[in-house]
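Input: one structure, supplied below.
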Amino acid sequence: MSTTPLLPSTVRRLEHLLAAEQSSARLPSVAAGLVRDGQLVWSGGCGTTGLDDGTAAQDAQYRVGSISKTFVAAAVLRAAEDGLVDLADPVGRYLTELEDGVGRVTVAQLLGQAGGVQAETDGPWWERTPGGDWDSLRPLLGESAVRHRPGQRFHYSNVGYGVLGELVGRLRGSDWREVVRSQFLEPLGMGRTSMRPQAPAARGLAVHPWADVVLPEPEHDAGAMAPAGQVWSTVADLARWAAVVAGTSDVLQRSSVEAMWEPQSVDDARGAAWSAGYGLGLQLWNAGGRRFAGHSGSMPGFVAMLRVDVETGDGVVALTNSTTGFGDLPTRLLSTFTDAEPHAPRPWVPREVPADVLELVGPWYWGPAPLLVRATAEGFDLAGLNGRGRASRFVRAGEDLWRGLDNYYAGELLRPVRDAAGAVSHLDLASFRLTRTPYDPDADVPGGVDPQGWTTRG
């Protein structure tokens, strides 16, 4: 799909934002890109990557930190697609050496940062020291590693993703790095994404808080903790991954991506309304009534962000080689882009609607509450006619059988009930009766309909 080039005025505004942030936040370098319709539509960079060869910031590799977790999570979801793992199972079913402690936490809870597993390892600061192998991490995963009742609350755990990396490798009889490479990096053409830096790569730096001097940060193989933050990438490659997070790539089934968008836990700071949560391997944000998905990342010397609007698929990626990072620059870049360059409306065209959907469209009533069924490309939507009432999307689950995808009726079944002539008399939805008129006396309404009908007296 071709994408119209950005207006020169938009490009100037984006470049100014990037340069202003590099200067005000004292970033050695910063690079960013914007994604629409699965394509990188703008990229820019400024500052010094710490290289002497003149490599532009947007062409260099940066360490993406915890964005690495999204690759591991996607590999787990692919394994679930292939029937190799049930997300509801305790991880100890597959890593049998974990008999207690972390072993009793479910795969989904680990993915969703709801397992209660300790945040960091017990040893030295793992982000700044070489890591050991699985055998060195495994003894730390007993009962003492579970700091909260699994499923009780959001508790971010790097350790949990070390476990998930081992799970991915065990399920595939390989190593998680090789699984990510073969399932995602190669098919997507992400040739500049790797587990260790490959030239040209930015040098990770710490900036002194009170003086304009920098200090090189260490880089190493994190071993068994590598799934929590080892990956290196570029703006162009990370833009390809943003298309996966937006659900516009075929390396993951759309249903798997939508499952990743569903909140598993919320970051419920005491006394504050929550605006952030965690899905199956993705951070989630509610901002201005819109849902965003992606992940931030930080490791010594680097900060990164990947964020997409799940409704439009527009996304932003941003990278810097500074330990202290760039604040809300990614969200400002994305909002500047979408405000200046809104999506063109899609032209309306007629399309085929199956006969068994066409006979369901129009008003229905849940008791006296008016509802509306409207045909969609996948099935139909059910929503309150006056903006109130329970809403859900429905897709075909069999002959004269439909399954809800979201909201109250997610997973629930809707059956059109037919009369002797084959016409639909009412809808059976999770035991409720939806009728063409309020409390239709000719339909099978549980509890019956008063024979006096609608009157002025109660």
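The values are calculated or read from the model by the stated rules, or taken from the named source; none is laboratory data. What you see is a predicted model; the values in this text were computed from it and never measured. Please note: Cβ atoms are built from the backbone with ideal geometry, for glycine as well, and neighbour counts cover all protein chains shown.
Regarding Leu434, is this residue of a type in the set (A, V, I, L, M, F, W, C), in contact with a helix residue (DSSP H, G or I) (Cβ under 8 Å, 6 or more places away or on another chain) and part of a strand (DSSP E or B)?
no
Leu188 versus (1) among the aliphatic types (A, V, I, L, M); (2) closer than 26 Å to Gly301 by Cα; (3) surrounded by fewer than 18 Cβ atoms within 10 Å (Cβ to Cβ): which is the lone unmet condition?
Among (1) among the aliphatic types (A, V, I, L, M); (2) closer than 26 Å to Gly301 by Cα; (3) surrounded by fewer than 18 Cβ atoms within 10 Å (Cβ to Cβ), Leu188 violates only (2).
Could you run through region 95-137 and say how many residues are of a type in the set (S, T, N, Q) and part of a loop (DSSP other than H, G, I, E, B)?
Residues in region 95-137 being of a type in the set (S, T, N, Q) and part of a loop (DSSP other than H, G, I, E, B): 5 in total.
In region 253-290, which residues are of a type in the set (A, V, I, L, M) and either in a helix (DSSP H, G or I) or surrounded by 21 or more Cβ atoms within 10 Å (Cβ to Cβ) (or both)?
Val257, Ala259, Met260, Leu280, Leu282, Leu284
So, one more: Has region 182-192 got any residue that is of a type in the set (Asp, Glu), part of a loop (DSSP other than H, G, I, E, B) and within 23 Å of the chain's Cα centre (by Cα)?
yes
Just for region 382-399: of the residues that are surrounded by 17 or more Cβ atoms within 10 Å (Cβ to Cβ) and in contact with an Asp or Glu (Cβ under 8 Å, 6 or more places away or on another chain), which one is modelled with the lowest pLDDT?
Among those residues, the one meeting the criterion is Ala391.
Ok, one more. I'd like to verify a number: residues in region 78-115 that are without any contact (Cβ under 8 Å) to a residue 40 or more places away in the chain and either over 15 Å from Ser256 (Cα atoms) or of a type in the set (Ser, Thr, Tyr) (or both), how many?
7
When the residues of region 402-417 are narrowed to those that are under 13 Å from Val357 (Cβ atoms) and without any contact (Cβ under 8 Å) to a residue 40 or more places away in the chain, which ends up surrounded by the most Cβ atoms within 10 Å (Cβ to Cβ)?
Trp402
Continuing with the same structure: Can you confirm whether region 322-339 contains a residue that is assigned to a loop (DSSP other than H, G, I, E, B), more than 28 Å from Ser265 (Cβ to Cβ) and assigned by TED's automatic domain parsing to the domain that holds Ala206?
No, region 322-339 has no match at all.
In region 122-134, how many residues are more than 14 Å from His220 (Cβ to Cβ) and under 28 Å from the mean Cα position of the chain (by Cα)?
The total comes to 1.
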